[in-house]
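Heads up: the structure comes next, in structure tokens.
Each value in this text was obtained by applying a stated rule to the coordinates, not by laboratory testing. Source: prediction; values computed, not measured. Positions of Cβ are backbone-derived with ideal geometry, glycine not excepted, and every protein chain shown enters the neighbour counts.
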Amino acid sequence: MDDEIFNLSEAAQFLKKSPRTVRRLIKDKRLRASKSGYNGGGQFEILKSSCLEYIHYQQHNQAVNAENGRSERKSKWQSNNVMAIGTVISLNRVAKELDAALTRQTKSKRRNFMMR
């Protein structure tokens, strides 16, 4: 297989994105890449086929709005930021918020230590 290998800046130029965005895509595992150095060090090596896969995936995951024909970007991780009351997520969030509030309230109070 004769596949071209890009470094980070070349992949960014090919995808028409910034190098920072390409790093984020790699970190989020939306773009496959490897490191050239020993034990995970070195520069990113990104295959041209991986870039083409990413472009293909992006094109197929855009929805078209029927009202005005414009395309809307659909995120891989969809969220409407609304929680139903009583769900596991909302209960966990409430518990974390209560813990944080109690920590703030007791942070400035003196503690009494007894030594033997």
Q. Around A12, with a cut-off of 12 angstrom between Cβ atoms, what is the net charge of the other residues, counting Lys and Arg +1 and Asp and Glu -1?
A. +4
Q.
If I stretch the segment between R104 and D28 completely, what's the gain in nm (0.36 nm per residue apart, minus their alpha carbon distance), one decimal?
A. 24.0 nm
